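Each remark here refers to the structure printed beneath this line.
The values are calculated or read from the model by the stated rules, or taken from the named source; none is laboratory data. Bear in mind that the values here come from a model prediction, so they are computed numbers and not experimental data. No Cβ is skipped: glycine too gets one built from the backbone with ideal geometry, and neighbour counts run over all protein chains shown.
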Amino acid sequence: MRDSATPAGGVPALVVSGFLGAGKTTLVRHLLREAQAQGTRLAVVSNEFGALGIDQALLGDRAGAQYVELEGGCVCCKLSDEFVTTLQRIWEDVRPDRVVVETSGVALPFDTLLNFWREPVSAWVGECAAVVVVNAEQVAEGRDLEGAFEQQVSSADVLILNKLDLVDAARRDEVQAYVQRLADGTPVIRAVNAAVGMPVLFPLEPGSGTRRARRPANEESHTHEEFESEEVEVEHGIDSDALVARIQSHCALRAKGFVRTSDGLRLVQGVGARVELIEPAVRPPDHLVGRVVLIRKSHARGGARERRACDAPSRD
């Protein structure tokens, strides 16, 4: 039963999913900036597969009381009970106008959305939908397009085909067609740097039509035994080129962390063989500097799948 503080139609909720390095946190940063500019109370629950809290550091002072990070597991399974408790606590403390859940790169959106239908959260959540962010470069290179990636895409309500600037213009329609074959009839939004606004992803008026993510037709048993995370420590002052080579040598699907290089403090962003060192927009806590989280497929270490992640990235 909804209480008097619940808006008519409930509070709209959005699950932001997508494979490792697709651009989910970048999208959430856009949504938070837009919400702040509009005076909208946007609550965010972010879920990292590793346990460093890097995403919260990237948000800086935007990560206030309405932002909660759940680490070391996945909200669609291992942390589902903690996730429901967290959502309810946010509702009681913040009374948000909108809710965004950023899943880990190995989570499934449908399984995450099921938690919105559990008590007591179901008493105040209204429309909920899943947007899946897709790394267009990953599709163009044919990297890791089975398993979790396929399940995420096929269960989306909306797809954001991101990082199109990294794909040759002549191949962009081909990449989009591949994604649409996995999710027939699902709208696709093309983007660079995940620049998609709230009006596109949330209904303009609550109660304008409930959307629910679809259970994938070819759904398989979902576990995280095939993925593992590892933290590596990096000494201060390391040469930037040496750092890139070191990260690439681990053949990880995803790398993220902060390192003080010979060129200054840098955010390490690695997706497959592409490793970028970016001057961070906000200063991270000191305890995060010199630490990088790597995520890889545990069953593929040394195998053909993992070696593909070490191939040189395209230079489109």
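Of note:
- Of all residues in region 126-159, those being aliphatic (A, V, I, L, M) and surrounded by fewer than 20 Cβ atoms within 10 Å (Cβ to Cβ) number 1.
- In region 223-282, residue surrounded by the fewest Cβ atoms within 10 Å (Cβ to Cβ) [restricted to those that are assigned to a strand (DSSP E or B) and touching a Ser or Thr at 6+ places or on another chain (Cβ under 6 Å)]: Glu228
- Test result for Arg315, buried (at least 16 other Cβ atoms within 10 Å of the Cβ), among the charged types (D, E, K, R) and modelled with pLDDT under 95: no
- Looking only at residues in region 170-212 that are hydroxyl-bearing (Ser, Thr, Tyr) and assigned by TED's automatic domain parsing to the domain that holds Ala129, the one that is modelled with the lowest pLDDT is Thr186.
- Of the residues screened, Asn218 is one that is at pLDDT below 90 and outside the structural domain of Ile295 (by TED's automatic domain parsing).
- Of the strands (runs of 3 or more DSSP E) contained entirely in region 113-198, those carrying at least 3 residues that are more than 15 Å from the chain's Cα centre (by Cα) fall at 125-135, 188-190.
- Tally, over region 267-278, of residues that are closer than 13 Å to Arg291 by Cα and either modelled with pLDDT of 95 or more or not assigned by TED's automatic domain parsing to the domain that holds Lys297 (or both): 0
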